[in-house]
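Engineer: Sharing a structure here in C-alpha cells format.
The values are calculated or read from the model by the stated rules, or taken from the named source; none is laboratory data. Remember, predicted model here, so these are calculated numbers, not experimental data. When we count neighbours, we look across all protein chains shown, and the Cβ atoms used for this are built from the backbone with ideal geometry, even at glycine.
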C-alpha cells in the first residue's frame, strides 16, 4: 500500500482538473466528483496508517526531478508515522468539510468553483505532508498558500474579503522569505535537499553549529507565517472572511498546522540547535498568551475561534521548541478535530442567524440542539476537561513544559489553559443560553440540514475519543507510534492533571458567573479596566502599527523611487543626454551657418562685391577702352618723365 | 551537415517578407496568411531542432560553415548548442504567436507591418545562430531597424519618442560592441572573427585587455537586458509598442543581452567575468528589488508588466554573476520562462486594451464576474510571474537562488525580498482589476476570443510543463553550461 500512497494526493488533483475543465457547469456532478475523490483518499489513508502501524519505518520512493550540481532533487514520498497521522487527519477533516459544504454553500453561484478549490487545497496539503525533501515541501507549502488566498477571497465582490486574501498571501510570503533563506543555508551546508540525508548530516555534526542555528531560525520564519505566530499572526483573524467551511478546514485544522508540521518534521535540526529551539519555544509561548488574551474580549464568533487557533498553535510550537515532538504532534492531531468542529458549529450558527456577532445571538440551544451540544463538546475538549481528547494532549504538553528548568513555560501554559476555558465558555453561554437578543433573527433560526449536522456529530465523536490513543498508561499508544528516535514516555503526572483541570474548571465557572448567572457584571469589569480592555479589543493595535511602520512607508518609497529616482533622475539623465546632444547640434548649426558658412559666404560676398565693382569697368565700348589706354599711356609717360 | 536547418530558420521569414512586399497594397488577408505561414515553418523546424538536439555534449551541432570573405577571416558560420537551441525555439514560437495575435489589432499598412515583423524574426534567429562576429553584428543591427518602424508607426502614445529612444540607446550600446569586436580582431593572431576560435584563444589575452573588452561588451549587452541604470528605454518602448511587438521585445530582445553575455563576454573574457562578478551581482540585486518597488508605484498595467521585466531579468543576471552551473542554468531557465510568461502577459494586456482602450489599473474592478475565462488566464500568468511553484518562474528563481547563494551569501538573501514584493504588486493589481465589485462601466466588455486564447495556450502549456517537470530543459542546457563555467573558472 505504501508504494502507492502517491494516489492519495493525486485523486483530489484529478477532481480539480475535472471540475475546472469539464464539469464546471454541473454543480451537483462537480461536488460529487470532489467528494468522491477525497473519500477515496481517506480510505487509502486508512490502509496507509494500518501498514505503517504494522511496520513503522520511514519509506521513501523517488524520481529525479532536476539534476544539477548542488541542486539535485529527487521527488519522492517520506511516509513515516508522523506522515501517516497527518494523512489521516487531513483526509478526515477534509472529507467532512466537503460534505458539510454541500449544505453550507447550497445556492452559491460559484458552487462548482468552491469544490474545485477545496480539491486543489486537499491535493496541496496532502502533497505537503508526504514530501520527502525541502523543495517539495516548499512547493506544496506555496500551493496551499495559493488555495488559501483563493478561498479567503472566495466572495471576492466584498472588498474586505479580497483584502483579507491578499493580506494572508503577502504576510505568509513574508515568512516564506525566511523559509527560502533557511532552505538555502541548510541545504548548502548539508549538500542535500532530502530530509533524511539532511538529518543524518545534522546528527553526524557535519553542519557547523552557527550555520545550523541561523538556518533553523530562518526556517522557523516560514512556520511563523503559516501557523500565524507572533509577529506574523495578523492575517489569520482577517482570513475569517472566507466561507466558514474553509475556515474550518484551512484556517483551523490543517493548513495553519503546516508550520507546526514543518517544525515537527525537522525536529532533528531543532534538537541539535538548542538556541534556535529556545527561540521557537519562546515565540510559541508568547503567541499562545497573546492570542488567548485577545480572544477574551472579541465579539465575532469566528474571530474568537481564530485567536483561539493562534493560541493553540502557539502551544504546539512551544512544546516542539522544548523538544516535545510527540506532545506537539499529538496536540496537532486532537486539535484538528475539535477545532474543525468548533468552526463548523459556528458555521451552522451563522448559517441560521446570518450574523457573526455573538451579541445578536442567545438562547440558540432551544432551536439548534445538535449544533449546541456538539459545540459544547468541542469546547470541553479544547478546555482540556477529562476525559475528552483535548485533556490528554494538553496534559502531554504541560508535562513536557514541567520538565524544563525554567518554570515560565509551565506557568504560561496553565494560565493559557484557564483563559481558553473562559473564552470558549463565554462563547457557549452567550450564544446558546440566556434570552435571544435579536428576536427577529432568532425566530428565523433553525437547525441546519442533516448534511451539515452529521459531520458535526462525527467530529464530536472524534473530539471525545481521538485522544484516547494517547492515554499515558496505554502500552501501545500514540507515544510508541509517533516518536523521535526513542519512544517518549512521560510518566502520568497526577498533580499536574489535577491542577490543569482545576484551572480549566475555574475558567468555565468564571464564564458561567459572568455570562450566564450574571453574578459578576462584565460591564463593570469593562469600565474598571477600560484601558486594558481597549488594547485587547483592538488586538494590541498590530494592524495599525504595521500599516504605519511598514505598509505606508513602503508604498511611499515605491512612489518616490519611481517618480523621483526613475523618472526624475535616471530618465532625466537619459533625456538630458538626448537634449544636450540636440543642443550641441543647435550650437554647431549656429556655428556652421554663422561662422563657417559666414566666412565662406563672406568671402563670396567680398569676391562678388569686388567682381561687381570691377564689372563696371568692363563696359564693352571701344572708345572707353581707348580712352583708358590713352589716359594710362599719358600717366606712364608723365611718371617716366618725372 | 546535410540539411541546413539553421539557414532555413533564418531565411524562410526573409523569403516571406519578400513575398509580402510583392503583394498589392489591398491584399491584406494574403499578407496575413503569408506571414502566418512563413513564421509557422520556422516553428516546425525549431521542433525538429529540439528533437534532434543531443543535450549530452557541449559541442556545436547543426553546424554550417562556409568561407565568405577569406581575406578578412570572415566566414558564414552557424551552429547551435544548449544555449541557442532554447532561444531559437522561443523566437520561433513567440514570432508565430505574435503574427497570429496581430491579425486582430493591426488594421493599417498591414503589408508593411508583417514584412517588418518577419524581418525582425530574421534578425533574432540570426543572432542566436551566428558564430562569426561579422555575421552576429549584422543580425544584431538588423533587429533595430524593423523594431524602430514597428514602434514608431504602429505604436501608441509617444511612439516616435519611444522608438527613437530605443533605437539610439541600443545603437549607443552596439558601438561599444563594435569597438570591442575590432579590438579583438586586431589583437588575436591570426586575425579572425570566428567566435569559437576567439574563445579558444581567450587564455592568451592579457588581463587588462580582457577587463576593458568585458566592459565594452557589457555596455552593449547591459542596455539590452536591461541592467540598471540603462533600463529607462524599456518601459517607454514596451508601453508604446503595439502588443505583438511588446511580446517580442520582452520575450526575445531582452534575452539577446543575456545571451550575448553567455555566448561572448563570459567565455571570451573570463578574467572580466570573475573580476566584475560582485558588481554585476549587486546590480542584479538592484534590478530585482528596485524593479519590483517601482512596479508597485505603477498605475498603467502595461507599464507595470514592463517594469516587472526589469525585476525578472535581474534574476538572470544574479544567476549568471555567480558563475556556477546551477546559477547559469537558472539564468537560462529564466530566459525561457520569462519569455513565455511575460510574452503571454503582454498579449493579455493587449486583449483588454483592444476592448477597453485603457490600461489604467484603477479603471477596472470585478472583471472576474464579467469575463471569467480572460480573468482566469490572466491570473494564471500573474501567478507564474510571481513565482508560484508548479509554474516555470518558480523553478528558475529557485535555481538562481540555490546556484548563487554559495557565492553571494548576502546578496541572495536580500534578493529573496523581491519574491515578496513581486507577490505584493501582482496581488494588488489582481485585486484592483479582477476582484471587488464589478465596475458597471464595462458591462459591454466581451470575453477573450478563440484566436486570442489560441495564442496564449502554447505558452501556458509550456509554463506549466517545465514548471512541473523541468528536467527536459535543464538536461538540454546542462552540458553547454558546464562548458561555459569550465571556460570561465578553469
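Engineer: Scan the stretch B:422-438 for residues that are part of a loop (DSSP other than H, G, I, E, B), at negative phi and either buried (at least 21 other Cβ atoms within 10 Å of the Cβ) or more than 10 Å from every other protein chain (Cβ to nearest Cβ) (or both) and jot them down.
Structural biologist: Listed by number, the list holds a single entry, B:435.
For every residue, the table says whether it meets (1) more than 28 Å from residue B:15 (Cα to Cα); (2) more than 14 Å from chain A (Cβ to nearest Cβ); (3) part of a helix (DSSP H, G or I).
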| residue | (1), (2), (3) |
| --- | --- |
| B:121 | no, yes, yes |
| B:146 | no, yes, yes |
| B:160 | yes, no, yes |
| B:168 | yes, no, yes |
| B:173 | yes, no, yes |
| B:190 | yes, yes, no |
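Engineer: Could you please find all residues in the stretch B:404-421 being crowded, with 24+ Cβ neighbours inside 10 Å and under 15 Å from residue A:185 (Cβ atoms)?
Structural biologist: B:404, B:405, B:412, B:415
Engineer: Then there is this: Answer yes if at least one residue in the stretch B:467-490 is touching a strand residue (DSSP E or B) at 6+ places or on another chain (Cβ under 9 Å), at the interface with another protein chain (Cβ under 9 Å from one of its Cβ atoms), assigned to a helix (DSSP H, G or I) and without any contact (Cβ under 8 Å) to a residue 40 or more places away in the chain, and no otherwise.
Structural biologist: yes
Engineer: Report yes if residue B:213 is at pLDDT 90 or above, closer than 29 Å to residue B:120 by Cβ, assigned by TED's automatic domain parsing to the domain that holds residue B:193 and more than 14 Å from the chain's Cα centre (by Cα), otherwise no.
Structural biologist: yes
Engineer: For residue B:183, state whether it is in a helix (DSSP H, G or I), surrounded by fewer than 23 Cβ atoms within 10 Å (Cβ to Cβ) and either outside the structural domain of residue B:321 (by TED's automatic domain parsing) or touching a residue at least 60 places away in the same chain (Cβ under 8 Å) (or both).
Structural biologist: The answer is yes for residue B:183.
Engineer: Restricting to the stretch B:243-291, count the residues that are closer than 23 Å to residue B:87 by Cβ and outside any helix (DSSP H, G or I).
Structural biologist: Of the residues in the stretch B:243-291, 1 are closer than 23 Å to residue B:87 by Cβ and outside any helix (DSSP H, G or I).
Engineer: Looking only at the stretch A:166-175, filter to residues that are within 9 Å of chain B (Cβ to nearest Cβ) and crowded, with 24+ Cβ neighbours inside 10 Å; which one of those is nearest to residue A:220 (Cα to Cα)?
Structural biologist: It comes out as A:173.
Engineer: For the stretch B:309-404, which fully contained helices (runs of 4 or more DSSP H) count at least 1 residues that are free of Cβ contacts under 8 Å to residues at least 40 places away in the same chain, at negative phi and facing chain A (nearest Cβ under 10 Å)?
Structural biologist: Here the list reads B:372-385.
Conditions tested, residue by residue: (1) away from chain B (no Cβ under 13 Å); (2) assigned to a helix (DSSP H, G or I); (3) at pLDDT 85 or above.
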residue	(1), (2), (3)
A:531	yes, yes, yes
A:550	no, yes, yes
A:577	no, yes, yes
A:594	yes, yes, no
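Engineer: To continue, here is another question. Restrict the check to the stretch B:439-457 and report whether at least one residue is free of Cβ contacts under 8 Å to residues at least 60 places away in the same chain, farther than 26 Å from residue A:193 by Cβ, more than 11 Å from chain A (Cβ to nearest Cβ) and in a loop (DSSP other than H, G, I, E, B).
Structural biologist: Within the stretch B:439-457 (the criterion being free of Cβ contacts under 8 Å to residues at least 60 places away in the same chain, farther than 26 Å from residue A:193 by Cβ, more than 11 Å from chain A (Cβ to nearest Cβ) and in a loop (DSSP other than H, G, I, E, B)), the answer is yes, since at least one residue qualifies.
Engineer: Does the stretch B:410-421 hold any residues that are free of Cβ contacts under 8 Å to residues at least 60 places away in the same chain and within 9 Å of chain A (Cβ to nearest Cβ), and which are they?
Structural biologist: Matches in the stretch B:410-421: B:413, B:416, B:419, B:420.
Engineer: I've got another one for you. Which of the residues spanning the stretch A:148-157 are surrounded by fewer than 24 Cβ atoms within 10 Å (Cβ to Cβ) and either more than 8 Å from every other protein chain (Cβ to nearest Cβ) or under 30 Å from residue A:188 (Cα atoms) (or both)?
Structural biologist: Once the filter is applied, which keeps residues that are surrounded by fewer than 24 Cβ atoms within 10 Å (Cβ to Cβ) and either more than 8 Å from every other protein chain (Cβ to nearest Cβ) or under 30 Å from residue A:188 (Cα atoms) (or both), the stretch A:148-157 yields A:150, A:154, A:155.
Engineer: A further question on this structure: Return the residues of the stretch A:60-71 that are crowded, with 16+ Cβ neighbours inside 10 Å and in a strand (DSSP E or B); say none if nothing qualifies.
Structural biologist: If the condition is that a residue be crowded, with 16+ Cβ neighbours inside 10 Å and in a strand (DSSP E or B), then A:60, A:61, A:65, A:66, A:68, A:71 are the ones that fit.
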